[in-house]
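Working notes, structure below.
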Amino acid sequence: MYTAETKIRVRYGETDKMGYVYYGIYPLYYEVGRTELMRQFDFSYKKIEEMGIILPVKSLDVKYHKAAIYDDLLTIKTTIKELPGVRITFFYEVLNEKNELLNEGTTMLIFVDEKTRRPRKAPNELISQLEPYFK
């Protein structure tokens, strides 16, 4: 299992009239978390795309527990619980500065060959970097 943490400050434009983070923003926070996790392994989306691979989202699940509000400093905990094959699943926890769980979710992405548009296995370079965290 591998977990990465990313900090995000809630911006005014991400809130609704009540000052709460708009519900549709959380998947954007998830994207920041997973992008930063992948970057820790030198696998930015740019690098993956240069390898001829795209990563469409197959599923998204979001659970709301408590509202984040304007100017909160959030921690996005992003976890990979199993080695990827054709799919990679990310688990997210969004916490406030008091370490209260505000939101949790998952996304499943599919490794797809850009030319054929067919599913393919995760790049071997990524697997070899992740393997030590799953022993």
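The values are calculated or read from the model by the stated rules, or taken from the named source; none is laboratory data. The structure displayed is predicted, hence computed values, not measured ones. Reconstructed Cβ throughout: ideal geometry from the backbone, glycine too, with neighbour counts over all protein chains shown.
Pairs please, first residue from the stretch 117-135 and part of a loop (DSSP other than H, G, I, E, B), second anywhere and surrounded by 10 or more Cβ atoms within 10 Å (Cβ to Cβ) and basic (Lys, Arg), Cβ atoms under 9 Å, 6+ apart in sequence or on different chains. That search, which allows pairs on different chains as well, returns Ala122/Arg87.
Would you mind finding the one in Tyr70, Tyr45, Tyr23 that is within 20 Å of Thr106 (Cα to Cα), aromatic (Phe, Trp, Tyr) and surrounded by 15 or more Cβ atoms within 10 Å (Cβ to Cβ)?
Tyr45
State whether the residues of the stretch 45-60 include one that is within 30 Å of Lys115 (Cα to Cα) and of a type in the set (Ser, Thr, Tyr). Within the stretch 45-60, one or more residues are within 30 Å of Lys115 (Cα to Cα) and of a type in the set (Ser, Thr, Tyr). Scan the stretch 105-116 for residues that are under 21 Å from Thr35 (Cβ atoms) and in a loop (DSSP other than H, G, I, E, B) and jot them down. Listed by number, the residues that qualify are Phe111, Glu114.
Considering each of Ile48, Ile76 in turn, give the residue that is β-branched (Val, Ile, Thr) and modelled with pLDDT under 95.
Of the residues listed, the single one that is β-branched (Val, Ile, Thr) and modelled with pLDDT under 95 is Ile48.
Only one entry in Phe43, Phe91 is of a type in the set (Phe, Trp, Tyr) and free of Cβ contacts under 8 Å to residues at least 40 places away in the same chain, namely Phe91.
Scan the stretch 92-104 for residues that are on the phi < 0 side of the Ramachandran plot and either assigned to a loop (DSSP other than H, G, I, E, B) or in contact with a Ser or Thr (Cβ under 7 Å, 6 or more places away or on another chain) (or both) and jot them down.
Tyr92, Leu95, Asn96, Glu97, Lys98, Glu100
Residues in the stretch 17-25 include at least one that is aliphatic (A, V, I, L, M) and either within 10 Å of the chain's Cα centre (by Cα) or modelled with pLDDT of 95 or more (or both).
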